[in-house]
Amino acid sequence: MEWPSCLNEYEKLIIRMDTPRVVIDNAVCPTATLVKVDSARKHGILLEAVQVLTDLNLSIKKAYISSDGRWFMDVFHVTDQFGRKLADDSVISYLEQSLDTKEHDFHRPDSAEGLTVLELTGADRPGLLSEVFAVLADLCCGVVDAKVWTHNGRIACLVTVKDKLSGCPIDDDPQQLHHVESRLRHVLKGDHGVCGARTAVSSIPVAHTDRRLHQMMFSDRDYERNSPSAAPSTSPAVSVQNWVEKGYSVVAVQCRDRPKLLFDVMCTLTDMEYVVFHGTIDTDGDLAHQEFYTRHKDGSPISSEAERQRMIQCLQAAIERRATEGIRLELCIEDRAGLFSEVTRTFRENGLLVTRAEVSTKENTASGVFYVASDAAGQPADPKAVDAVRQKIGADYLTVKEEQRPQYRSKAGDDGDEEAQGSGGVGVGLFYLGNLFRRNLYNLGLIKSCS
């Protein structure tokens, strides 16, 4: 590293201490690439590291997290989306540079400069997304990109727009901006209490859309189960216990493994202002086990039953938001005025509910991914309805795609992991959690024995 001449040795030392140290190792594990991050601990730093990995569509098959004082060390076992070790030198180089950056400004999309970002939250209903796109088309707002999540009867939507005629941000014209907000607020109308409709406008690009959508739905309190379809029996298994001797709240999660699972959990823990001091992430086939030793930012563990239940509900919601069931439809077609309004209206007219969506336009091409179901509970869409939609839009332009999932390997027979297989479920006793804590330190090389 080349240092500015104005820095003295003490200032250089402080910079070295605050800059993460990253090691990427393809030799230790035969089935995964090890990514080791060693850095000064600060709130949100673990989430930043996980975010870098998930942005590259890497699957975290196993991880060990530990901190000592103001330092932390993370070890991630990662594979690509096909379950293979990392072999692309450009990906490895990007990982090293990104994780080794003190300030993670590399997530901010430069291409969004000069555009207007609309944030919409409210009660979901059939056809709502179609109405939103119809309003934007009617007011000559060109959709550059949009991302939509629905969960528990609520919807959160991030839409980046520009004036269709001039190509300028719509917030350059206060009158047009007021008109857009007013119309969208009318479309999103509903109760005006805590869970009422909300619209917000910004000229500042969203640094990370998934991160922002989690924050929007958390603020909208989608974790409160007021939907008949949100049955607790189908929710991810989450338990929270206090380890009084050590002053930790121990959070255990068990659910089906999927891409970005750890990222979703870490977003909510960070938003709830909990710090992870130690943790273990493990997978067995398509089942994920996660344990975290946490304290609030003020250093205290969970202090009430209400707080414990709220954490459980919030973590279940974080996992469920991206696990929305539905048929995946991919769109690629020549862009034209009102296209997304037309596509989503066709879904509505054929009884299909959009549960999740991501669309964008580039030059003269519009593309997107839609997850559709017959209702908010994720009941399978009628194949005849899907075929009717494809015929209306164009079967060559709208295709049915299988969700790409990483390849799973059962870890039966893996070195040293047999002990965890029979004991990793949620609701385990603190005796096991204490053993897991020691195993975590052992795997990080911080103690010589886990017995």
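The values are calculated or read from the model by the stated rules, or taken from the named source; none is laboratory data. All values derive from a computational prediction rather than experimental measurement. All Cβ positions, even for glycine, are placed from backbone atoms using ideal geometry, and neighbour counts span all protein chains on display. To get the accessible areas, we keep the full protein, side chains included, count just its heavy atoms, and leave off ligands, DNA and RNA. Shrake-Rupley method; radii C 1.70, N 1.55, O 1.52, S 1.80 Å.
Surrounded by fewer than 16 Cβ atoms within 10 Å (Cβ to Cβ), in contact with a helix residue (DSSP H, G or I) (Cβ under 9 Å, 6 or more places away or on another chain) and at pLDDT 75 or above: is that true of S203 in this structure? Quick ask: steps written out before the conclusion?
Details: surrounded by fewer than 16 Cβ atoms within 10 Å (Cβ to Cβ): yes; in contact with a helix residue (DSSP H, G or I) (Cβ under 9 Å, 6 or more places away or on another chain): yes; at pLDDT 75 or above: no.
Here the answer is no, as S203 does not meet what is asked.
Of everything in the range 240-249, what is open to solvent by 10 Å² or more (accessible area, probe 1.4 Å) and of a type outside the set (A, V, I, L, M, F, W, C)? Give them in sequence order. Even if it seems obvious, please write down each step before you answer.
In the first step, residues of the range 240-249 are kept if they are open to solvent by 10 Å² or more (accessible area, probe 1.4 Å); the result is 241-248.
If the condition is that a residue be open to solvent by 10 Å² or more (accessible area, probe 1.4 Å) and of a type outside the set (A, V, I, L, M, F, W, C), then Q241, N242, E245, K246, G247, Y248 are the ones that fit.
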> So which residues in the range 42-71 are without any contact (Cβ under 8 Å) to a residue 40 or more places away in the chain and within 19 Å of D100 (Cβ to Cβ)?
Replying inline: K42, I45, L56, L58, R70, W71
> If you go through the range 307-314 one residue at a time, do you hit one that is of a type in the set (A, V, I, L, M, F, W, C), touching a helix residue (DSSP H, G or I) at 6+ places or on another chain (Cβ under 7 Å) and more than 20 Å from A146 (Cα to Cα)?
Replying inline: yes
>> Within the range 210-217, does at least one residue satisfy the condition of being acidic (D, E), within 26 Å of S235 (Cα to Cα), touching a strand residue (DSSP E or B) at 6+ places or on another chain (Cβ under 9 Å) and assigned to a helix (DSSP H, G or I)?
In response: yes
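Is it the case, given these coordinates, that R125 is over 28 Å from Q51 (Cβ atoms) and basic (K, R)? Quick ask: steps written out before the conclusion?
On the way: over 28 Å from Q51 (Cβ atoms): yes; basic (K, R): yes.
Yes: the conditions hold for R125.
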> Residues of the range 353-377 being without any contact (Cβ under 8 Å) to a residue 60 or more places away in the chain, open to solvent by 10 Å² or more (accessible area, probe 1.4 Å) and touching a Gly at 6+ places or on another chain (Cβ under 9 Å), which ones?
Replying inline: Y371, S374
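Here are some residues: A337, A306. Which one is aliphatic (A, V, I, L, M), modelled with pLDDT under 95 and surrounded by fewer than 16 Cβ atoms within 10 Å (Cβ to Cβ)?
Working: A306 fails: modelled with pLDDT under 95.
None of the other options fit; the residue is A337.
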> What do you reckon, is V37 among the aliphatic types (A, V, I, L, M), exposed (fewer than 13 other Cβ atoms within 10 Å of the Cβ) and either part of a loop (DSSP other than H, G, I, E, B) or modelled with pLDDT of 85 or more (or both)?
Replying inline: no
>> For the range 301-341, give me the residue count where each residue is touching a strand residue (DSSP E or B) at 6+ places or on another chain (Cβ under 9 Å), part of a loop (DSSP other than H, G, I, E, B) and among the small types (G, A, S).
In response: 4
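Specify which of the listed residues (D257, D271, D282, D220) is within 20 Å of the chain's Cα centre (by Cα) and closer than 20 Å to E325 by Cα.
Working: D271 fails: closer than 20 Å to E325 by Cα; D282 fails: closer than 20 Å to E325 by Cα; D220 fails: closer than 20 Å to E325 by Cα.
Matching residue, one of D257, D271, D282, D220: D257.
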> How do the strands (runs of 3 or more DSSP E) wholly within the range 76-186 filter down when requiring 3 or more residues that are touching an Asp or Glu at 6+ places or on another chain (Cβ under 8 Å), closer than 29 Å to E363 by Cβ and at pLDDT 95 or above: which remain?
Replying inline: 141-151, 154-163
>> Is it the case, given these coordinates, that D18 is at pLDDT below 90, closer than 19 Å to D74 by Cα and not hydrophobic (A, V, I, L, M, F, W, C)?
In response: yes
>> Looking at the range 250-280 only, could you name the residues that are surrounded by fewer than 20 Cβ atoms within 10 Å (Cβ to Cβ) and part of a helix (DSSP H, G or I)?
In response: D271
>> Within the range 386-397, does at least one residue satisfy the condition of being closer than 28 Å to K162 by Cβ and surrounded by fewer than 14 Cβ atoms within 10 Å (Cβ to Cβ)?
In response: yes
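For residues in the range 187-200 being at pLDDT below 75 and open to solvent by 30 Å² or more (accessible area, probe 1.4 Å), which is nearest to S341 (Cα to Cα)?
Of all residues in the range 187-200, those at pLDDT below 75 come to 190-196.
Those left that are additionally open to solvent by 30 Å² or more (accessible area, probe 1.4 Å): 190-194.
Values: G190: 22, D191: 25, H192: 26, G193: 29, V194: 29 Å.
Only one residue tops the list, namely G190.
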